[in-house]
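Below is one structure, written out as structure tokens, with a few remarks after it.
The values are calculated or read from the model by the stated rules, or taken from the named source; none is laboratory data. Keep in mind that what you see is a predicted model, and the values were worked out from it rather than measured. Methodologically, a virtual Cβ is constructed for each residue, glycine included, from the backbone with ideal geometry; neighbour enumeration extends over all protein chains shown. Note: accessible area is taken over every heavy atom of the protein model, side chains too, but ligands, DNA and RNA are not part of it. Shrake-Rupley method; radii C 1.70, N 1.55, O 1.52, S 1.80 Å.
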Amino acid sequence: MTAHIAEVELDDGLDDLRVDGRHDQALVLARLRRRPVGAVRVPVRDGVVRAEELLAALTEDEGARRRIERELVRRQLAPSEEPRPSTTPSWSVVVCTRDRPEHLRRCLGALRRVDAEGGEILVVDNAPSDDASKRIVDELGVGYVLEPEPGLNRARRRGLDAASGEIVLFTDDDVVVDPGWVTAMLEPFAAYRVGGTAGLVLPLELETRAQEVFERVAPFSRGFERRVFDHTTTPPAAAGTVGAGASMAFRRSLASDLKLFDAPLDVGTASLSGGDTYAFYLLLDAGYQIVYTPEALAWHQHRRDMDAVRATLHAYSAGVFSVLARCVVEHRDLEALRSGLVWLVGHHLRELARSGMRRRGRLPGRLVLAELRGCVEGLRAYGRERDEERQGGR
Amino acid sequence: MTEILCSVVIPTCGRPRSLEAALRGLAEQTTPAEALEVVVVLDGRDDASVDVLRSAEAAGHLPNLRWHEQERSGQATALNAGVARATGPVVLFVDDDLVLHPRAVEAHLRHHREGRAVAVLGDPRIVRRARATLGEQSLWAWWEDFLTERSRPGRALGYRDFCAGNVSLRRSDFQAVGGFDEGFRGYGREDYELAYRLLRAGVRFLPEPDAPADHHHVSSTAKRLGRKRPEAHGDVLIGRKHPELRRGLPLARPQTGWRRQLVRLAFRRPDVATTAIDVCRRVLPLLEGLRLRRLWTALDTALQTLAYWLGVADELGSWTETQRFLRETPDPPRSTLDVTGGVPEDAAGPWVDGPCLVDVTAHGRRLGRLEIQGPLVGDVRSHLAEEIARRPWSVLLLSERAPS
């Protein structure tokens, strides 16, 4: 079932929402003083989402209710403005793109509307086949860097080197950020031990079945509670649970020192994805904290057709297992080995069994197989890379 | 002759290279060297450091450099001796492994211009390698979290937020409370105890992130663990001297599960406990090599807990005695805080003087109780609001409002 995406600001009061009549349900993001507190699915009747139903859905969602209560209690206790950090660091947003000019235009449009000052926007044009992206960048007046060799990590690295801000934020060209995104992503860096942040990413649209499936299988969202990750509480091998490349930020000098994007990973390479996961891994492994902050909101354009979704999920599996293999072999990380086995059995084989046994709520069979093939491909990709290194010499 | 604006006191012992770097940092301050007086106290015989001092004197970058040798007596005695020989109106304590950033002294002195009773807390930031060992990481993490927490807006400060490396205050305030208690001879806690007396005397604490210093901390697991026992001695000494603080000490925290077993081991078989620490700490590098981080952290925490309670056992002898020690504390003063319209802007209460109990009420109803480990200074209102918001009973505040 597809859904209309809507937002409400609870401080403005709850009224009936008018939405277009194409869908019979809506995914409504509730915000309180701009802070996301929860996202609920509500039925749409004759193009209207009724306020009582929305309220009921929010009350039933325990997490949302708790967050709303917490905010209201805070307001009761200290009605005046909350303290803000006195200095915000300088920042650079890096968007890596490859031959998706229309997506890029929309992405940059949103970035130019952010409410933070003291920063720059840089586009890294990765192995372009024409100058369409460059023309858009020139038209919109943001920074431009060319990275002729394909590879998302390579492009990120190029962006990192070109950036001048203390904090470098990354997002993808198929993402639309909220105006408060930059400020919210920067705020946790006031804590000394924080090396990176990740934000909340919700679907920009849920117009096709493929998008619904993707949102179910590999949602970007990590929930609405702020979380602080460090290696004492989270094994770095579980870095994939921290966040995604669609919305991440790092201290620039740290990212360079730790060589977060040096590994030949992600789109455009044999591993197909995983560059963001590996960056989080390295950061956690070095003892730094990563803060997941749902206040930093962005919307991701999921692929619309099933073939593309299958390919994406195939790529994610490849990336995960390529990264895990790297962790086990290069970092001698036994936790990564364990994570890999747990994930293989707990997710992939389980989905395969459910698919085979025709259980309710199972994933499409071709998708499960695509994911499994991805695991194998990821391992092989890493194996090939090691072979090349050994033959070529470093 | 230029007026001395600030007397820097550096206690040192057996770290000539660090001392050299610390002095260099002072010579490169934006505050003119003529306005600085540097008093180095050698805690015990230390010929290598004397050589460093003689070279620094000959180089002439710090025209008002002096040093004093004392018999090995500990940090507290050294710092007191340093202040006794200082002449400036402001004293700045700098550990010998700290290198102040060039604008640090200037940032400290900014707050002393109006002659207010403040202690300016600069940040000693540990300098770590990008790829540090788990032991180095854990120490660095502790410091960074400690510094971040005390600089957080909306937080009030207590005596355990003070640390004597990179802190400045008026010499008169220091002398008025009697300086450091020289009964603290081991590692640590003499600064916490001084901080308590400063707070009670009305000195405000001001974190100043613009006065940082690079903290070149050289440590090993053995040293890290070796510090816990004297820290416990220090905590007990604080409790002996100030019984009202006993319930806020780390040893007052309830111990459950395996921690409780470790505490019992420390009291019943201290010899076994000591050997266990010595043996088990050699397992840590093995766990680290296999990247078994959570196991490493669990074992490291266990060893630190054991070492700490060995220190408590040294001082108090038995679990029963410890419980008695914690019970024999004066009843904390009680007060009521009405938050019907929010926490009052000018919320005043016994928390400025010391630990207290606060009954929180709203709309004529008692909501719950807060145990506050005062004395607290700074943004007390935000601090109280946050403490209350954390309690589950704070939700009761909402029942008087219509739901939104």
When the residues of the range B:141-162 are filtered to those that are more than 7 Å from chain A (Cβ to nearest Cβ) and within 21 Å of A:G287 (Cβ to Cβ), which remaining residue is farthest from the chain's Cα centre (by Cα)? B:R152
Give the range A:24-34 a look and list any residue that's of a type outside the set (G, A, S) and either under 22 Å from A:V201 (Cα atoms) or touching a Gly at 6+ places or on another chain (Cβ under 7 Å) (or both), or say none. A:Q25, A:L27, A:V28, A:L29, A:R31, A:L32, A:R33, A:R34
Conditions (1) open to solvent by less than 20 Å² (accessible area, probe 1.4 Å); (2) part of a loop (DSSP other than H, G, I, E, B); (3) touching a helix residue (DSSP H, G or I) at 6+ places or on another chain (Cβ under 6 Å): number failed by B:L23: (2)
Has the range A:360-372 got at least one residue that is open to solvent by 90 Å² or more (accessible area, probe 1.4 Å) and touching a residue at least 12 places away in the same chain (Cβ under 8 Å)? yes
Being under 24 Å from B:V377 (Cβ atoms) and surrounded by 20 or more Cβ atoms within 10 Å (Cβ to Cβ) narrows B:G122, B:G135 down to just B:G122
In the range B:163-182, what residues are open to solvent by 10 Å² or more (accessible area, probe 1.4 Å) and either of a type outside the set (V, I, T) or within 14 Å of chain A (Cβ to nearest Cβ) (or both)? B:C163, B:R170, B:R171, B:S172, B:D173, B:Q175, B:A176, B:G178, B:D181, B:E182
Tell me whether the range A:262-281 contains one or more residues that are touching a Pro at 6+ places or on another chain (Cβ under 6 Å) and within 14 Å of chain B (Cβ to nearest Cβ). yes
Residue by residue through the range B:221-256, note down the ones that are assigned to a loop (DSSP other than H, G, I, E, B), open to solvent by 50 Å² or more (accessible area, probe 1.4 Å) and not hydroxyl-bearing (S, T, Y). B:R227, B:R253, B:P254
I'm trying to understand the selection: among the residues of the range B:294-342, which are open to solvent by 70 Å² or more (accessible area, probe 1.4 Å) and either free of Cβ contacts under 8 Å to residues at least 40 places away in the same chain or within 13 Å of another protein chain (Cβ to nearest Cβ) (or both)? B:R294, B:L295, B:T320, B:R324, B:R327, B:D331, B:R334, B:T336, B:D338
Inside the range A:37-69, the number of residues satisfying the requirement of being modelled with pLDDT under 90 and part of a helix (DSSP H, G or I) is 0
Give the residues of the range B:27-50 that are among the hydrophobic types (A, V, I, L, M, F, W, C) and either in a loop (DSSP other than H, G, I, E, B) or open to solvent by 10 Å² or more (accessible area, probe 1.4 Å) (or both), sorted by residue number. B:A27, B:A33, B:A48, B:V50
Which numbered condition B:R291 fails, given (1) assigned to a helix (DSSP H, G or I); (2) crowded, with 18+ Cβ neighbours inside 10 Å: (1)
Filtering the range A:326-344 down to residues that are open to solvent by 80 Å² or more (accessible area, probe 1.4 Å) and in a helix (DSSP H, G or I) yields A:L337, A:R338, A:L341, A:V342, A:W343
Given B:W351, B:W393, which one is under 24 Å from B:L251 (Cβ atoms) and either out of contact with any Ser or Thr (no Cβ under 7 Å at 6 or more places or on another chain) or assigned to a loop (DSSP other than H, G, I, E, B) (or both)? B:W351
Taking B:E345 as meeting all but one of (1) within 10 Å of another protein chain (Cβ to nearest Cβ); (2) exposed (fewer than 14 other Cβ atoms within 10 Å of the Cβ); (3) over 30 Å from B:L121 (Cα atoms), write down the number of the exception. (3)
Out of the residues in the range A:1-49 that are without any contact (Cβ under 8 Å) to a residue 60 or more places away in the chain and on the phi > 0 side of the Ramachandran plot, which is least open to solvent (accessible area, probe 1.4 Å)? A:G47
Quick one: how many residues across the range B:51-72 are in contact with a strand residue (DSSP E or B) (Cβ under 7 Å, 6 or more places away or on another chain) and open to solvent by 10 Å² or more (accessible area, probe 1.4 Å)? 11
